[in-house]
Amino acid sequence: MQTGQPPEHPAQDPPSAQTAPPAPAAPPTAHTAAPLMPDVPAPPAVQEPDRVDLRVSKRILWIGAAVYPLANIARVYTFILRPRRKEAVLRFLRYTAGTLIVGFIAMLPSLPSLTFGGGAEQHSGAAGYVTFIWIVAVCVEIYFLIDMFSVLTAAPHHVMAVETSGASTALVTSPDPRYLDQVVGQISYAIDHPEAEFKVTVESLTVSPRNYYFGDNVNMYGGSGNVGIGA
């Protein structure tokens, strides 16, 4: 009986002894690209805001999905967007006075029945009508009160505005005003240097022009009553 020999296996070099791939004769050629400006690091956010990318590429300013050709930008600046608190109080008083006047006029047809009497059914109908007018007036006043307090409790925002030569304005915000000043410098540099490109992260902003002051001068585009200017 012959003892079986273990099957022979081809000798293998250990992983460390394997031959390394030959080094390239020359470094790979990089694609020619426009010089990039250093990106501004985004400041940490306290909460989870709606963030959008602001970038300049090929003479185009992108703010999220919105496009602004650099050649059409008339002004880029930062300011504090402050709530119109005084106007909100005056508006509440004006609406309250209007509600009282309209309510009194609506109650005029039922006043004779309540004052001089009449049938029980007529008196009951007039009283129900007056009660309905008061309920509507109270609901309207609650709405006006909520609207006023929403402005009184609103916080100011540090914003950067991008105005174009047309009827278009974009607003973005950041908790750090110095960050916005740096972005203004980046955009200004890109306007004067066609080859410049960069990308930063900002926060979108949606406000009502009726409730906020827009800079030193109130510049409204596209008529009155615009709601939802944002990046």
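You will find that of SER208, SER188, the residue that is assigned by TED's automatic domain parsing to the domain that holds LEU61 and either in contact with a helix residue (DSSP H, G or I) (Cβ under 6 Å, 6 or more places away or on another chain) or at pLDDT below 80 (or both) is SER208 and no other. Within the stretch 158-189, the set of residues being over 17 Å from LEU81 (Cβ atoms) and part of a strand (DSSP E or B) comprises THR164 only.
Residues in the stretch 211-231 that are within 16 Å of HIS158 (Cβ to Cβ) and either exposed (fewer than 13 other Cβ atoms within 10 Å of the Cβ) or modelled with pLDDT of 75 or more (or both): TYR212, TYR213, ASP216. Checking each residue in the stretch 40-59 for being farther than 19 Å from LEU171 by Cβ, modelled with pLDDT of 85 or more and not hydroxyl-bearing (Ser, Thr, Tyr) picks out LYS58, ARG59. Residues in the stretch 187-197 that are under 12 Å from TYR77 (Cα atoms) and surrounded by 20 or more Cβ atoms within 10 Å (Cβ to Cβ): ILE187 only.
The values are calculated or read from the model by the stated rules, or taken from the named source; none is laboratory data. Because the structure is a prediction, the values reported are computed rather than measured. Please note: Cβ atoms are built from the backbone with ideal geometry, for glycine as well, and neighbour counts cover all protein chains shown.
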